[in-house]
Amino acid sequence: KKILIVHTSWYKDYISEMLSISKEILEDFDCIFAVAPGALELAALARHKILNFPFKGVLFLGIVIRGETSHYDLVTQETFRSISNLSINNCGVAFINNVICVENKKQLEARLVKNTSNNAKALIQLMNEKSS
């Protein structure tokens, strides 16, 4: 019943809120936490952890807010691609991506609670489905 929660280190207040929501919903599980420097490093860190420990599920928590350069597009696309590839290559583990990509903090605040709650619940549902 071990779950890995991998989160970014950016936007600490918002990430703390995401962690609190996730911990509450996943309270019946043994949650292990890992901190990645940013969204691009999430999948590689999760891969390292799942190679060393048997996890039933992995929840990714992160935030990417558009800036004034094309960096946003690159980060969002690569983050989602790498998480998707990790899940395909480790199909026995349930993976849920709760990296929230937004234009601004107002959009983030409007989505943070609902997205995080729904995705933590989705992780439980996916783990149950993969166990049956």
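Readers should treat all values here as calculations from the given coordinates under stated rules, not as data from a laboratory. Bear in mind that the values here come from a model prediction, so they are computed numbers and not experimental data. No Cβ is skipped: glycine too gets one built from the backbone with ideal geometry, and neighbour counts run over all protein chains shown.
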List, largest first, the extents of the alpha carbons of region 1-102 along their principal axes, each in whole Å. 42, 30, 17
Signed unit charges on C-beta, dipole axis of region 3-103, positive-most listed residue Ile25, Thr79, Gly62: Thr79
Which number gives the lysine pairs in region 25-128 that have C-alpha atoms under 30 Å apart and are eight or more places apart or on different chains? 8
Relative contact order for region 1-91, counting Cα pairs under 8 Å that sit 6 or more residues apart, in percent: 39
With viscosity set to 1.002 mPa s at 20 °C, what whole-number translational diffusion coefficient in µm²/s follows for region 28-87 from Stokes-Einstein and a Kirkwood radius over Cα pairs? 169
Nitroxide proxy distance, nm - points 7 Å out along Cα→Cβ at Ser117 and Glu17: 1.3
GNM result for the chain, Cα springs below 10 Å: residue of Ser70, Ser20, Ser82 fluctuating most strongly: Ser70
Gain in length, Ile32 to Ser9, computed as 0.36 nm per residue apart minus the alpha-carbon separation, to one decimal in nm? 6.7 nm
